[in-house]
1. What residues qualify as long-range amide H neighbours of B:Lys167, i.e. H under 5 Å apart, gap of 5 or more or another chain, H built at 1.01 Å from N?
2. In nm, to one decimal, how far is the A:Ala27 label point from the B:Ser79 one, both placed 7 Å along Cα→Cβ?
3. Using R₀ = 25 Å, calculate the FRET efficiency as 1/(1 + (r/R₀)^6) where r is the Cβ-Cβ separation of A:Met34 and A:Ser56; round to 0.05.
4. For an R0 of 30 angstrom, estimate the FRET efficiency from the Cβ-Cβ distance between B:Asn173 and B:His135 and round to the nearest 0.05.
5. In peptide A:52-63, what is the residue-averaged number of other protein chain Cβ atoms found within 10 Å of each Cβ?
6. Between B:Phe45 and B:Asn95, with labels modelled 7 Å along Cα→Cβ, what's the label distance in nm to one decimal, could you check?
7. Given R₀ = 41 Å, FRET efficiency for B:Ala24-A:Ile67 by Cβ-Cβ distance, to 0.05?
8. Would you grab the residues whose amide H sits under 5 Å from the one on B:Ile82? Only those 5+ places off in sequence or on another chain, please, with H modelled 1.01 Å from N.
Amino acid sequence: MQDSTNQNNPRTVRNLAGEGRTAVAQARVILLVMVNVAQLWILAATVEAALAHRFSALLPLVVASGICFVVTVTLIFWWRPASRRFTSSGYVKR
Amino acid sequence: MSRDLGETIKRVLADETDVRSATAPHQKDFPYDREEEAQVTRREFCNFLGLTSAALFVGAAGFAGKAALDARSTPQFRSSKIASAETLAPGSSLNFQYPTTKDSAILVRTLDGEFHAFGQKCTHLSCPVYFERLHQRLECPCHDGAFDPKTGNVLYGPPPRPLDPIKLEVRTNGEVWAIGREASTGEHSS
């Protein structure tokens, strides 16, 4: 019953969709910050390993940093809400 | 005019739109300051995080690459006489520079009369180590680390690896020459 109400009331539908998008965008920013912090730690570990001449640890650290970068690019360019159709929560496909 | 304004507002309110470029024409006609103009948009912040991520990746790759390249090249060291080393009393130390005048090193003559030399930089945070006569060990004053004066191995404290050893040669006339320097590797070893 509530679903049909949401669908018939465009204002309600728009507000709920906006809230959904805001939540997704904020989650994306938080994830990006977390990945950046992890990369900062990886850079510190890389510098320490290089100065200590532990060369076996360098490649895995660089690969880990590269994966973090790929994750960041993915989050920025391709991470979007999975569905924009009408849903029970009033999400709208554009 | 009202149509343009309406389109501008629509573009500004649309999600994931570049607010600054959308409002640029309107700002040109009606310049005024808003507090919101000084704020960073979410898209700008995301782009900044993306650039930071790229910079951190490039930094890590560059640092690792340079370290790997430096490790492949074998530096050539010249022999250098350590002045007045032959008169050094057992159980004492002497500072010198090797392989360049910028590289501080320490020569230790242990109680059994043997010479040992190491780079003076602590492997923790590069503080200069000194020879502590009472306990016959090399100590770092910054974070309470200590090294064995014979092997350079870590005795205790935060240093992650031994001191960099300097190869010595005692010649027939008693002179002590530094002939090479190595980079120590490994974790705590005793």
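1. B:Ile179, B:Gly180, B:Arg181, B:Glu182
2. 7.1
3. 0.40
4. Working: r = 32 Å, r/R0 = 1.08.
Working from the Cβ atoms, E equals 0.40.
5. Values: counts 10, 11, 6, 6, 0, 1, 8, 2, 0, 4, 8, 2.
Partner Cβ neighbours, averaged per residue: 5.
6. Result: 5.0 nm between the two label points.
7. Working: r = 38 Å, r/R0 = 0.92.
Result of the calculation: an efficiency of 0.65.
8. Result for B:Ile82 returns B:Val176, B:Trp177, B:Ala178.
Read-outs: derived from the displayed coordinates by stated rules, not from any lab. Just so it is clear, the structure is predicted and the values come from calculations on it, not from any experiment. A quick note on method: Cβ atoms are made from the backbone with ideal geometry, for glycine too, and the neighbour counts reach across all protein chains shown.
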